[in-house]
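Engineer: One structure, pasted below without further comment.
The values are calculated or read from the model by the stated rules, or taken from the named source; none is laboratory data. These numbers were taken from a predicted model, which means no experiment stands behind them. Positions of Cβ are backbone-derived with ideal geometry, glycine not excepted, and every protein chain shown enters the neighbour counts. Side chains are part of the model used for accessible areas, which takes the heavy atoms of the whole protein and leaves out ligands, DNA and RNA. Shrake-Rupley method; radii C 1.70, N 1.55, O 1.52, S 1.80 Å.
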Amino acid sequence: MKFSYNWIRDLVDGLDVPAAALERLITLKTAECEGVEAVSELLSCASIARVESVEPIGGSHNVKAVVDVGRHGHKTVVCGAKNCRPGMTTVYAAIGKKTISGVESDGMLASAAELGISRDHEGIIELSGAPGDAVPQCAPDFAIEIDNKSITHRPDLWGHHGMAREVAAIASGRLKDPAKLELLPKAEPGVKVQIENYALCPRYSALRIENITVGPSPLWLQQRLHAIGLNAINNVVDMTNFVMAELAQPMHAFDADKLRGHTIFVRSAKAGEHFHALNGDEYTLDTANLVIADAGGAIGLAGVIGGMESSIGAATTRIVLESANFNATSVRKTSAAIKLRTDASMRFEKSQDPANTLRGLARAVEILRESSPDIRIVGGVADARRELAPPAPIELALEWLSRKLGRAVPATEVRAIFESLEFHVEESRPGVLLVTPPSWRATKDISMREDLVEEIGRMIGYDSITPTPPMVAATVPPGNPERRFQHDVRDLFVDLGFTEVYNYSFIGEEDAKAFGFSPDSHVRVTNPIASDQALMRDSLLPGIWKNVRENAKHRDSFRLFELGLEIHKRAEALPEETPHLMAALFERHGDGAASLLELKRAAECLMPKAKISPAESREFEHPARTASIAWKGRTVGRLFELHPKLIEAGRAAILDLDLAIVRELREAIQIKAKPVRRYPSSAFDLSVVCGARELAGALQAKISAAAGELLESVDFVRQYSGPPLEEGTKSVSFRVTLGSDERTLSSDEVSQVRDAIIARMRGSGYDLRV
């Protein structure tokens, strides 16, 4: 959000702090600033000038103009504006001499956009005044940009007057109040207002004004709006934007002649009610939306945007001016539901001060009179409201304050700080103050004594407090086994060369359908931040799939993994969150078998002796490369290759593990130490001839069952297919290792085990190459 330095200086008497220094003070004591930008710099060398003569320049669209600039005499300038003509009064800027279209131009004639007054660049600016005079009420300015996140809790700081109050307290200046309530007549209201629910609209103030002439705003007002990024439209709309930017009070003007009836209703929208907004869009509303309505229907969406049917136009002569206060939550929900945030909604979402509505109307009347002097107020102010309880005083013990801050602050300084911020302070008893926040700080901002500590701390400067460690015993927090386990899993996969990725927990319907998942089986987000994030994921696969596709554009191979929660919908309970690991290994070249084996190895590093067995493929899995992973008798995940239809080029192997089950089984492991074997082992190789689709793991289990008690291990060595083997067969080789804790095995014992394995395997129908 941008603040005009000149605007703040107009509201603070005695402010002599330069813009750059003021930006630093605001950052240190109030809100984080993001920089200072010079605006309207050209005004520093600009003055009013009258065009005396205009002469075309051959072969160019430019003209040579002679202008009278008062005490600086006459200047010859080259101008390309279509509206440059003799006798007009415009603005001359002394920017030096330059040759244009073969003619020496001494300075320039400027448009409103070039001067930084507005965005109008259609031609040079036209105004009244004497040659040589400064542009009236316009001067070079600075825009101080403040991070919106640092003022979300301070609704008063969404206007220049609130920021000026802070600046006055920081720089010891005197704050001026621009709102003159005496401008509001005391008479019967000129318009009726009915509020259906005061919880949604605590206050609605309105004023009827007639004899208005719609036209351009004064240049100074246009410049103020332009400096903070708002565009000038006309004097009525600009006035509402000016009041919003100054007092943080959003306002809206209705064309009174377009209203149906004499009463404004503040009510909930009817189900299916249509609303045509000022931005040109049509919205279908429901009962959760609060609207401003006349006898014919909705004319405004409360706190968000006005309606097209009652908008201000060039022919408008009578208006109804709205200055209201709406429930912050209601405005935020409506804004999110229709996916529209406006300058007004951003302020109402922060819980604005209901006491500010009349001040907004008073300031609006004063501003409007300058651009349309003949306005006439009809009747008095319609002010429908509910009485709000005054802010409760907060007791603040000075000894407790000093202890909390870590620094003693004299009572006189504490009182001076609070009073400079317009808090009411009185001493209830020695050493204890009773502090009452003003109404603009009592809207969910200041509510307890800790909030008061922060006010004192920021104003005295946190750099004035000597850092000291807390005088409390440090205790180690209790361990978190689940987090420790997930850290170990991360470390393991990083050590195996994988890179961790993080994805949102939201996916779109198209992502779900790409894998054959039903969108209805997912938890649906009520107000998604984007159309492709409307569902809570019940698998990590859509996110990993996108990671693979994006990285495949730049690399031929890579390894990724993610630890995250799957959110599964339950009919009668809250969704179930299940931690999962998903790893992906992509290779652009090759048949992909090595990637599957590498992920199998990674799974076995986490779960020793895990069993991999073929499984029926799902829609997104390769039909011949899908396996189930079991460990200690329970299914813990899947190993598969993505279906070719999901990958444009290359192959992607995927490992998906349920970490809740893995962690449970790992915690049940009891590690038993074994002494180092004293006697040497003996080993021999066996090659089993079997069908081409026979699983090596099944053969390994059969050999282990036949080996007996002397078996140490059976390890896969290699497999072979081809001559002299028959077609459709293969030879799978294993190394069998035998040993004993009591003796060195004799060759006869080894031979007996070997013969027993051969006999058992041949008895099962296998041929052995021995």
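Engineer: As I understand it, the value is the acute angle between the Cα axis of helix 19-29 and the longest principal axis of the Cα atoms of the chain; what does it come to in degrees, rounded to 10?
Structural biologist: Taking Cα atoms only, the helix is inclined about 60 degrees.
Engineer: Here's a follow-up. Once the Cα atoms of helix 541-552 and of the chain are each reduced to a long axis, what angle between those two axes, in degrees from 0 to 90 to the nearest 10, is obtained?
Structural biologist: Once rounded, the angle reads 90 degrees.
Engineer: What shape does the chain take by its C-alpha gyration tensor, where a ≥ b ≥ c are the square roots of the eigenvalues and a/c under 1.5 counts as rounded, a/b above b/c as prolate, and the rest as oblate?
Structural biologist: Prolate is the answer for the chain, as a/c is 1.5 or above and a/b outweighs b/c.
Engineer: Taking K and R as +1 and D and E as -1, what net charge do the other residues with C-beta under 11 Å from the C-beta of ASP748 add up to?
Structural biologist: Neighbour charge sum, excluding ASP748 itself: -1.
Engineer: Taking the highest mean first, how do the peptides 609-616, 324-331, 173-180 order by number of other beta carbon atoms within 10 angstrom per residue?
Structural biologist: 324-331, 173-180, 609-616
Engineer: Something else now. Return the carbon/sulfur percentage of the accessible area of the chain, one whole number, probe 1.4 Å, all protein chains in place.
Structural biologist: Accessible surface attributable to carbon and sulfur in the chain totals 50 percent.
Engineer: Quick check: with the 1.4 Å probe, what order do THR737, THR90 take by accessible area, largest first?
Structural biologist: THR737, THR90
Engineer: Obtain the nm distance between the two label points defined at HIS262 and GLU182 by a simple spin-label model: each point lies 7 Å from its Cα along the Cα-to-C-beta direction.
Structural biologist: Between HIS262 and GLU182, the simple spin-label model gives 3.1 nm.
Engineer: Another question about this same structure. Would you check the accessible area of SER751, probe 1.4 Å, heavy atoms only, in square angstrom rounded to 10?
Structural biologist: Probe radius 1.4 Å; accessible area of SER751 about 60 Å².
Engineer: Here's another thing I want to ask about it. To the nearest 10 degrees, how steeply does helix 481-495 sit against the main Cα axis of the chain, on a 0 to 90 scale?
Structural biologist: Its long axis makes an angle of about 80 degrees.
Engineer: ASP715 label point, 7 Å along Cα→Cβ, cut-off 15 Å on backbone N: hits in the stretch 667-701?
Structural biologist: Within reach of a label on ASP715: 681-686.
Engineer: Grab the Cα-Cα distance for GLU395 and HIS153, subtract it from 0.36 nm times how many residues apart they are, and report the gain in nm with one decimal.
Structural biologist: This chain segment gains 84.9 nm when fully extended.
Engineer: At 0.36 nm per residue, and after removing the present C-alpha to C-alpha distance, how many nm does the segment from LYS192 to GLU122 gain when stretched out fully?
Structural biologist: Between LYS192 and GLU122, full extension yields 20.9 nm more.
Engineer: Rounded, prolate or oblate: which fits the stretch 457-535, taking a ≥ b ≥ c as square roots of the Cα gyration tensor eigenvalues, rounded meaning a/c under 1.5, else prolate when a/b beats b/c?
Structural biologist: The shape class here is oblate.
Engineer: Could you check the spin-label model distance between GLU727 and GLU454? Points 7 Å from the Cα along Cα→Cβ, value in nm.
Structural biologist: Distance between label points: 8.0 nm.
Engineer: So with the 1.4 Å probe, I'd like the accessible area per residue for the chain, rounded to whole Å².
Structural biologist: Normalised by residue count, the accessible surface of the chain is 50 Å².
Engineer: What nm distance separates the two modelled labels at ASP767 and ALA416, each placed 7 Å from Cα along Cα→Cβ?
Structural biologist: Using points 7 Å along Cα→Cβ, the separation is 10.5 nm.
Engineer: Full-extension gain between GLU616 and THR99, please, as 0.36 nm times their residue separation minus the C-alpha to C-alpha distance.
Structural biologist: Full extension from GLU616 to THR99 adds 178.1 nm.
Engineer: If you don't mind, another one. Efficiency by 1/(1 + (r/R0)^6): what FRET value for ILE669 and GLU427, r their Cβ-Cβ distance, R0 = 56 Å, to the nearest 0.05?
Structural biologist: For ILE669 and GLU427, the calculated efficiency is 0.25.
Engineer: So what's the back-of-envelope 222 nm ellipticity for the chain, counting only DSSP H runs of four-plus at -39500 (n - 2.57) apiece and dividing by all residues, rounded to 500?
Structural biologist: -8000 deg cm²/dmol
Engineer: Over 31 Å between C-alpha atoms is what I'm after, so list which of LYS270/LYS546; LYS29/LYS350; LYS333/LYS645 land there.
Structural biologist: LYS270/LYS546; LYS333/LYS645
Engineer: Hey, with R₀ at 56 Å, roughly what FRET efficiency would ARG490 and LYS270 work out to, going by the Cβ-Cβ distance, to 0.05?
Structural biologist: Efficiency computed from Cβ-Cβ geometry: 0.55.
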